Amino acid sequence: MSTDVLDPPRPVPRPARTAAPARSAAAARTALRRARKVSGLVVVLVLWEAGARAGWLGSTTPALSQVLDRGAEMIGSGELASNLGVSLLRVLKGLAIGLPLGLGLGLLAGLLRVGEDIVDAPVQALRMLPHLALVPLFIIWFGIGETSKVGLIAVGVVFPLYINVFHGIRGVDERLVESARSCGLGRLGLIRRVILPGALPQILVGLRQSLGLAWLTLVVVEQSATSAGIGFVINQATQFLRMDTVFVVLVVYALLGVGTDLLVRGIERRALAWRRGLVAR
């Protein structure tokens, strides 16, 4: 008696999926997200234009179109570029002094117990002083020149960065440190491979806060005893009631703040690509 052995059925090959629909869907989601990001700003600008034209914002508030026209005039004459260059140089000098100082103090206090004992108390005491109230004191100490302006910007950016560096280091999970030690990492290896990467998210938050405070300090220090800079432009415009020029400078301040914040967020995306956090839906 013979038994017929049937071959098992072969799986039917599925048609290969093309990547084109997936790419199209991803592109559509990206475009939708970008549209959502600018939608709030577009609404504000439209309301500004309509409100100014209708007189809802007062008789002295120029419309957005008038501000854009005045901005184009200032760009064409070179007035905006020259004064903006002076202001940017002041901020860069202040950041060049304040950021390394805040980072260094934060590392010293965060990594060394003796550093915390020596540094933290005086820094916390100075942090409680409103640094913008020190403008008259800095003018008395350093005069009305660039030194007092750059010094105030430097002082303003030190404390946010110090606080975030210190707490970022102290917030690193002790279990990670112990695991790294058990793998044979020395002191420098722990700092480079475990502590600083773990503290980096908090450090970048401090950098964002320091940059924002730098622009705020610039607004204040350029309001008096200055002959160049965008603060000087806004002072001159106020004296001659050129409100369109005032709003041009205000828009420039806003763009500078947003631009530096986006720059740090771009650094965050690259430097913290390893981190997996909550993704908003």
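Structural remarks
- Which numbered condition residue 227 fails, given (1) farther than 29 Å from residue 44 by Cβ; (2) open to solvent by 20 Å² or more (accessible area, probe 1.4 Å); (3) modelled with pLDDT of 85 or more: (3)
Residue by residue, here is whether (1) aromatic (Phe, Trp, Tyr); (2) more than 29 Å from residue 211 (Cβ to Cβ); (3) open to solvent by 40 Å² or more (accessible area, probe 1.4 Å) holds:
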site: 23; (1), (2), (3): no, yes, yes
site: 33; (1), (2), (3): no, no, yes
site: 45; (1), (2), (3): no, no, yes
site: 51; (1), (2), (3): no, yes, no
site: 56; (1), (2), (3): yes, yes, yes
site: 68; (1), (2), (3): no, no, yes
site: 81; (1), (2), (3): no, no, yes
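- Of the residues making up segment 97-117, those that are exposed (fewer than 13 other Cβ atoms within 10 Å of the Cβ), assigned to a helix (DSSP H, G or I) and either in contact (Cβ under 8 Å) with a residue 60 or more places away in the chain or not acidic (Asp, Glu) (or both) number 2.
- Residue match in segment 161-176 (condition: within 22 Å of residue 208 (Cβ to Cβ) and in contact with a Lys or Arg (Cβ under 6 Å, 6 or more places away or on another chain)): no
- From the options 223, 236, residue that is among the polar types (S, T, N, Q) and part of a loop (DSSP other than H, G, I, E, B): 223
- With a requirement of 2 or more residues that are farther than 25 Å from residue 115 by Cβ and open to solvent by less than 40 Å² (accessible area, probe 1.4 Å), the helices (runs of 4 or more DSSP H) lying completely within segment 129-204 that satisfy it span 135-142, 146-170.
- Flag for residue 158 being within 14 Å of residue 101 (Cα to Cα) and free of Cβ contacts under 8 Å to residues at least 24 places away in the same chain: no
- One residue alone among 65, 82 is more than 25 Å from the chain's Cα centre (by Cα), assigned to a helix (DSSP H, G or I) and hydroxyl-bearing (Ser, Thr, Tyr), and that residue is 65.
The values are calculated or read from the model by the stated rules, or taken from the named source; none is laboratory data. None of these values were measured; they are calculated from a predicted model. In this analysis, Cβ positions are derived from the backbone assuming ideal geometry, glycine residues included, and neighbour counts consider all displayed protein chains. Calculation scope for accessible area: heavy atoms of the full protein, side chains included, ligands and nucleic acids excluded. Shrake-Rupley method; radii C 1.70, N 1.55, O 1.52, S 1.80 Å.
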